[in-house]
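Undergrad: Sharing a structure, written as structure tokens. Questions coming.
The values are calculated or read from the model by the stated rules, or taken from the named source; none is laboratory data. Since the structure is predicted, the reported quantities are computational estimates derived from the model, not experimental observations. Using ideal geometry, Cβ is built from the backbone for each residue, glycine included, and neighbour counts are taken over all protein chains shown. What goes into the accessible areas is simple: the full protein's heavy atoms, side chains included, and nothing from ligands, DNA or RNA. Shrake-Rupley method; radii C 1.70, N 1.55, O 1.52, S 1.80 Å.
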Amino acid sequence: MATCEKLEKCPFYQGSMKMDSGLGSIYKKKYCEGDKTVCARYMVATTIGPEFVNEHLYPNMKDIAEKLIADNTK
């Protein structure tokens with residue numbers, strides 16, 4: 001898989017989560033360098049727009065992303 005094109009500017013990593021160790025490196029490997037289409041942040045940004053991605057949405061919060069998408073595409 002290719003690295004997510006949004007990685008370098010992703011506010012999640014630019015602010016609260018460090019990518020070089022711990023949980024940040026796990027998320028980076030799984031979502032940013034793995035399957036970006038299952039990243040909650042990527043799902044929301046590409047489906048309903050980046051303005052709907054808040055700073056508290058973690059890549060693994062797929063259920064919340066699906067609800068945000070459903071609530072904003074009616």
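Undergrad: Among the residues of segment 54-67, what is the count of those that are of a type outside the set (D, E, K, R) and either under 13 Å from Tyr13 (Cα atoms) or more than 13 Å from the chain's Cα centre (by Cα) (or both)? Break it down stepwise before answering.
TA: Keep residues of segment 54-67 that are of a type outside the set (D, E, K, R), which gives 54, 56-61, 64-65.
Those still in the list that are either under 13 Å from Tyr13 (Cα atoms) or more than 13 Å from the chain's Cα centre (by Cα) (or both) too: 54, 56-59.
Of the residues in segment 54-67, 5 are of a type outside the set (D, E, K, R) and either under 13 Å from Tyr13 (Cα atoms) or more than 13 Å from the chain's Cα centre (by Cα) (or both).
Undergrad: Looking only at segment 42-57, count every residue that is open to solvent by 70 Å² or more (accessible area, probe 1.4 Å) and either outside any helix (DSSP H, G or I) or of a type in the set (Val, Ile, Thr) (or both) and tell me the total.
TA: Residues flagged as open to solvent by 70 Å² or more (accessible area, probe 1.4 Å) and either outside any helix (DSSP H, G or I) or of a type in the set (Val, Ile, Thr) (or both) within segment 42-57 amount to 5.
Undergrad: So which residues in segment 10-41 are part of a loop (DSSP other than H, G, I, E, B), of a type in the set (D, E, K, R) and surrounded by 13 or more Cβ atoms within 10 Å (Cβ to Cβ)? Please lay out each step first, then the result.
TA: Within segment 10-41, the subset part of a loop (DSSP other than H, G, I, E, B) is 10, 15-21, 33-35, 39.
Still in the running and of a type in the set (D, E, K, R): 18, 20, 33, 35.
Selection gives Glu33 alone.
Undergrad: Among what's in segment 25-74 and is of a type in the set (D, E, K, R) and touching a helix residue (DSSP H, G or I) at 6+ places or on another chain (Cβ under 7 Å), pick the residue that is modelled with the lowest pLDDT. Quick ask: steps written out before the conclusion?
TA: First, pick out the residues of segment 25-74 that are of a type in the set (D, E, K, R): 28-30, 33, 35-36, 41, 51, 55, 62-63, 66-67, 71, 74.
With touching a helix residue (DSSP H, G or I) at 6+ places or on another chain (Cβ under 7 Å) added as a condition, the list becomes 36, 41, 55, 62.
Values: Lys36: 94, Arg41: 95, Glu55: 84, Lys62: 96.
Result: Glu55.
Undergrad: Pick from segment 42-74 the residues that are touching a residue at least 12 places away in the same chain (Cβ under 8 Å) and of a type in the set (Ser, Thr, Tyr): which of them is nearest to Cys4 (Cα to Cα)?
TA: Taking the candidates together, the pick is Tyr42.
Undergrad: Out of all the residues in segment 58-74, which are surrounded by 12 or more Cβ atoms within 10 Å (Cβ to Cβ) and in a loop (DSSP other than H, G, I, E, B)?
TA: Result: Tyr58, Pro59, Asn60, Met61, Asn72.
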